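Encoded as structure tokens, the structure appears first; notes follow it.
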Amino acid sequence: MRRVAVEPRPGWNDTVREQGLVYVDTELPGGEVMSYWDESAAYAFDLDEVLRLEEATEELHRMSVAAAEHVVAHHRYADFGIPGWAAEAVARSLREAPPMLYGRFDLCYDGSWPPKLLEYNADTPTSLVEAGIIQWFWLEDTRPELDQWNSLHERLVAAWHRIGAGLHEPRVHVVWSSEEESGEDQITAGYLAETARQAGLDVHLLPIQRIGWDGRRFVDAGDRPVVTCFKLYPWEWMLAEPYGPLALDPGTPTTWIEPAWKLLLSNKALLAVLWELYPGHELLLPAYLDGPRAMTEYVAKPLLGREGGSVRIVTGDTEISNPSGYGAEGFCYQEFRPLPEFAGSRTVLGSWIVDGESAGLGIRESPGLITDNLARFLPHYIDAPRGP
């Protein structure tokens with residue numbers, strides 16, 4: 001793994017907007033505008049390195065599912081901040097194994113083995129469009145003879161094919177929150193809707209605020225039953241709202257994607273359970289729920305919070321906080337591992353999984369130790385010719 005300076009394409013800004021990256025601009029605190037997409041550099045990987053990272057990603061997913069099974073078997077819902085009334089629905093969801101689609105592991109990796117798991121964004125991960133589409137077109141334009149760790153689009157379509165084969169009717173609603181103002185959620189939902197259409201499904205795309213309840217079932221704005229629904233809307237938000245119990249009611253004829261048991265994978269308490277079940281595992285960092293214990297350098301992560309939420313880093317006598325994001329009561333204390341530094345920026349790898357299989361990579365850089373809304377997305381390539 002190495003960072004390589006590259007020449008941006010002429011007109012790249014207009015190009016990525018036309019390809020769907022409408023949220024390319026990030027406004028800085030002083031009012032200046034920074035581009036979220038950055039193709040002044042790229043990351044290069046060896047093929048063997050990518051194959052090992054793929055295996056690590058799938059191993060982390062298997063371990064995470066095993067951790068969820070452990071939580072359910074031992075009724076440890078309180079550790080995850082899950083209310084008692086939702087516990088049986090979460091257990092039933094895991095037992096019945098309804099369809100699930102995708103997730104993203106955030107990894108700390110500098111090119112030397114092993115990578116370390118920072119967190120698992122398993123319910124509503126974003127940065128999908130830039131990982132699956134925008135950087136692939138960049139590769140086609142700049143290095144068509146080389147390959148990329150990127151089968152996201154093909155795997156999403158294949159996953160929808162599998163999901164569709166198990167549906168009584170091929171209609172799927174795809175929803176996002178209209179309260180998200182950057183456009184990222186809407187574009188991400190739109191892209192996922194397109195992958196479902198390519199799999200032959202009848203897709204209806206609309207904000208979740210336009211989903212209603214008719215006394216028996218959820219319906220859309222046209223009064224059509226919502227039988228299968230992909231929601232780019234966290235389960236933790238749903239449980240906190242009046243319709244949350246209805247969404248989990250076994251008598252409600254709606255299949256939700258992602259399923260309710262993914263509450264256990266998207267919760268930072270997962271990190272502590274993983275360390276408890278697999279102590280000393282090379283892909284994990286020490287993590288605890290009852291405090292930092294003997295760790296002098298650690299990150300306090302809220303149990304609930306979409307893509308991290310507000311975190312606090314403690315390193316000796318220094319404390320760094322990120323108060324932005326969605327906070328929550330309760331924390332997981334994970335050993336602090338500084339993100340690797342390349343050309344003055346801190347780098348985190350987002351390793352995607354679709355339908356249980358490794359599917360691609362997205363890379364973000366931030367000026368500080370916390371990957372926040374000032375992060376930039378950089379493309380990558382494999383320094384090897386494409387296969388047939």
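Can you give the charge dipole size of the stretch 150-283 about its Cα centre, rounded to the nearest 20 debye, using +1 on the beta carbon of Lys and Arg and -1 on the beta carbon of Asp and Glu? Don't skip to the end; give the middle numbers.
Details: 11 positive and 18 negative charges, 90 e Å.
My answer is approximately 440 debye.
What is the distance in Å between the Cα centres of the stretch 190-239 and the stretch 10-34?
First find each Cα centre; the distance between them is then 29 Å.
With unit charges on the beta carbons (Lys and Arg positive, Asp and Glu negative) and the dipole taken about the Cα centre of the chain, which residue among Leu270, Gly84, Ala67 sits farthest to the positive side?
Gly84
Mind checking which of Leu349, Gly330, Leu361 is farthest towards the positive end of the chain's charge dipole, using Cβ charges of +1 (Lys, Arg) and -1 (Asp, Glu) about the Cα centre?
Gly330
Can you compute the FRET efficiency between Arg92 and His281 using 1/(1 + (r/R0)^6), with r the Cβ-Cβ distance and R0 = 25 Å? Round to the nearest 0.05. All intermediate terms of the calculation are to be shown ahead of the outcome.
Numbers: r = 29 Å, r/R0 = 1.18.
Efficiency, rounded to the nearest 0.05: 0.25.
Under a point-charge model restricted to the Cβ atoms of Lys and Arg (+1) and Asp and Glu (-1), what is the dipole moment magnitude of the stretch 64-182 relative to its Cα centre, in debye to the nearest 20?
Charge dipole, the stretch 64-182, about its Cα centre: 540 debye, nearest 20.
Per residue of the stretch 279-295, in order, report the coupling 6.51 cos²θ - 1.76 cosθ + 1.60 (Karplus, θ = phi - 60°) as ³J(HN,Hα) in whole Hz, putting x for Gly and Pro.
x, x, 4, 5, 8, 10, 10, x, 8, 9, 9, 9, x, x, 6, 8, 6
Hey, what did the stretch 138-212 get for relative contact order, percent, Cα under 8 Å, at least 6 apart?
Relative contact order, the stretch 138-212: 35 percent.
Once the Cβ-Cβ distance between Val22 and His74 is put in as r, and R0 is 51 Å, what FRET efficiency do you end up with, to the nearest 0.05? Display every interim value, and only then the final one.
On the way: r = 45 Å, r/R0 = 0.88.
For R0 = 51 Å, the calculated efficiency reads 0.70.
What does the charge dipole of the chain about its Cα centre add up to, to the nearest 20 debye, if the Cβ of each Lys and Arg holds +1 and the Cβ of each Asp and Glu holds -1?
820
May I ask you to compute the full-extension gain from Ala294 to Arg224, defined as 0.36 nm times their residue separation minus their alpha-carbon distance, rounded to one decimal in nm?
19.6 nm
Obtain the nm distance between the two label points defined at Ala240 and Arg9 by a simple spin-label model: each point lies 7 Å from its Cα along the Cα-to-C-beta direction.
4.0
For Cα extents along the principal axes in Å, pick the label among (i) 65, 44, 43; (ii) 58, 50, 46; (iii) 67, 55, 42 that corresponds to the value derived from the coordinates.
(ii)
Tell me which of Thr228, Tyr102, Ala122 sits at the most positive position along the dipole axis of the chain, charges placed on C-beta atoms (Lys, Arg +1; Asp, Glu -1).
Result: Thr228.
Within 10 Å, at most 15 other Cβ atoms, and a DSSP state outside H, G, I, E, B define an exposed site. Report the longest part of the chain free of exposed trypsin sites (Lys or Arg not before Pro).
1-215
Looking only at GluC sites (Glu not before Pro) in DSSP loops with at most 14 other Cβ atoms within 10 Å, what is the longest site-free stretch of the chain?
Longest stretch, sites excluded: 33-144.
Can you list the lysines whose alpha carbon is less than 25 Å from that of Lys116, not counting same-chain residues fewer than 8 positions off?
By straight Cα distance, Lys116 reaches Lys262, Lys268, Lys301.
How many nm separate the modelled label positions at Glu181 and Ala66, each set 7 Å beyond the Cα in the direction of the Cβ?
It is 4.5 nm.
Tell me, what is the FRET efficiency for Trp113 and Arg216 to the nearest 0.05, using R0 = 51 angstrom and their Cβ-Cβ distance as r?
Plugging the Cβ-Cβ distance into 1/(1 + (r/R0)^6) gives 0.40.
Does anything in the stretch 27-66 have its amide N under 20 Å from the 7 Å Cα→Cβ label point of Ala343, and if so which residues?
Hits in the stretch 27-66 for Ala343 at 20 Å: 33-46.
A short reminder: the numbers here are calculations on the coordinates, not readings from a lab. Quantities reported herein were computed from a predicted structural model and do not represent experimental measurements. As a convention, Cβ positions derive from the backbone with ideal geometry for all residues, glycine included, and neighbour counts pool all protein chains shown.
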